[in-house]
1. Let me know the Rg and Dmax you get for the protein assembly as shown when you use only its Cα atoms, in Å.
2. Based on the alpha carbons, how large is the Rg to Rh ratio for segment B:1-54 when Rh follows Kirkwood?
3. Would you mind working out the magnitude of the charge dipole of chain B relative to its Cα centre, with +1 at each Lys and Arg C-beta and -1 at each Asp and Glu C-beta, to the nearest 20 Debye?
4. Select from B:Leu9, B:Thr187, B:Leu227 the residue farthest towards the positive end of the dipole of the protein assembly as shown; place +1 on Cβ of Lys and Arg, -1 on Cβ of Asp and Glu, and compute about the Cα centre.
5. Which of these, A:Leu160, A:Leu244, A:Leu47, has the largest mean-square fluctuation under a Gaussian network model of chain A (Cα springs below 10 Å)?
6. If neighbour count is taken as other Cβ atoms inside 10 Å, put A:Phe176, A:Phe205 in order from fewest to most.
7. Among the lysines, select those whose C-alpha is under 16 Å from the C-alpha of A:Lys168, and discard any that sit fewer than 8 residues away in the same chain.
8. Just report the Cα centroid separation between segment A:109-129 and segment A:226-255, whole Å.
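Quick note: the coordinates plus some simple rules give every number you see, no bench work behind them. The model shown is predicted, which means the values in this text are computed figures rather than measured ones. Neighbour counts are summed over all protein chains in view; Cβ atoms, including those assigned to glycine, are modelled from backbone coordinates with ideal geometry.
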Amino acid sequence: MIALPSPRAAAAVWRRDLRVFSRAWRGTLLPQFLDPVIYLLAMGFGLGAYLAEVNGIPYERFIASGLVASAAMWAASFESTWNVYWKMEEARLYDAMIATPLEPQDIVAGEAAWAATRATVYGTSFLVIVGLFGFIASPWAIALPLFVALGGLCFSMCGLAFSSLIPKMDYYSYYFTLFITPLFLFSGVFYPLDRLPDWVSIIAFLSPLHHLVEITRGMILGPELLSVLGHSAWLAVVTSLLFLVPARAMRRRLVA
Amino acid sequence: MSAVVARSLRKRYGSLLAVDGIDFQVEPGECFGFLGPNGAGKTTTMKMIYGLASMDEGDLSVLGLDVRTQRREVKARLGVVPQESNLDNDLTVRENLELQAVYHRIPVDGRVDRLLESALLSSRGDDRPRMLSGGMKRRLLIARALVNDPGLIVLDEPTTGLDPQARLAIWEQLDELRERGVTLLLTTHYMEEADRLCDRLAIMTSGRIVALGTPSELRERYGQETLEGVFLAITGREFE
């Protein structure tokens, strides 16, 4: 049986994280805003000096539109891994929450919503920078934060699923080295996948980042709406199915 | 209606039978204590009451509600003081109480100020919990447990590790609650504390309740002058 989260209870968890973030973002979390900017400068302008165009798109624009997606992925991933594990196992904050009317599935939903919020903040901040460079070619970009939130939610659920299953924090080295970093490099942020061997397209189909990159690139440079809908549907379906993993594992873990 | 009714309550962790079929009943307004050595099953029993441990067998009702099927409702009416601090150090002392109200879906009104005052923490509202002394942390944990005006408060070893003065401050905080008619359920391994606070006691070892009664009944029944004597008469004099 699936225990559904209560939206109000999940919102309470979300509010706690927002309160903490509203104090911390100017300090320790600031460097993360610069991450995609550094990639844009190094790869876009550095490599872009040798590569004029990719599929008819100036290289720096190609890569900038993909980095909006990866900025969201990184933000959601940090939040749903280290931060969640810290709260769960070290600070034991979830034990305190479970002793109130909150239930494990509310914590999962609230944390996912928060990590997605953070992904949206970081993705949208970088989108503004992309705009300042004059790289936005389509008015659809204004609606992009909504889709970044959806993608962020998907990465949050991946992180939460992993976090709820591992016995100690050290396992995140596997998560980042074998999952997040390969996604970052092989999902079409830095080069198009369409001229690579066929098996690459299978991997691309399985990569949440690939779907989000297709959306961000489309909406910044000029979308094919049907394709945006298709990729969004993939993200929504995977996120919903994935929710079952942390919802169950978190209950086993917190209510022993 | 009894505050807690437990019937043949059983809980197993792997091969360990942590709680081995216990029966007890806590009446409204009383202070009921579980006394016993570490590993006796006291904490597990508390956790089953406040929803942090699932029960394997038996029946458990809290404030007339079934803990199995009415988890949220039970927890909305309970106050919980855990053995180890799980205060939120990313928030201030005041925010810890405010967020507790948010988790309980009740308005953050003047209650936070009142609670800080009664916990003698009015001047520490903007500090992080980690800056507080052990006794202050425990008082804050009790204040947090009171945010939802609970009818029953569950306290797991409320004074373990505290110096005598800090312990006295906690006892006074608990006396105040009893005067207000709040039901208290606590665990301890201090005989003195059990004697001072509890109307009735259950002595637990190895997952079972081996004696139950008022402190004076227990002393009489076992022909001992102190609770310590009762405890040793029941559990044997050898120490592990």
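1. Final numbers for Rg and Dmax: 27.5, 96 Å.
2. Numbers: Rg = 11.5 Å, Rh = 11.9 Å.
Looking at segment B:1-54, the ratio lands at 0.97.
3. Details: 31 positive and 37 negative charges, 129 e Å.
That gives a dipole near 620 debye.
4. Farthest towards the positive pole: B:Leu9.
5. Top of the fluctuation ranking is A:Leu47.
6. On the way: A:Phe176 16, A:Phe205 10.
So the residues, fewest neighbours to most, are A:Phe205, A:Phe176.
7. Straight-distance partners of A:Lys168: A:Lys87.
8. If we compute the Cα centre of each part, the gap is 17 Å.
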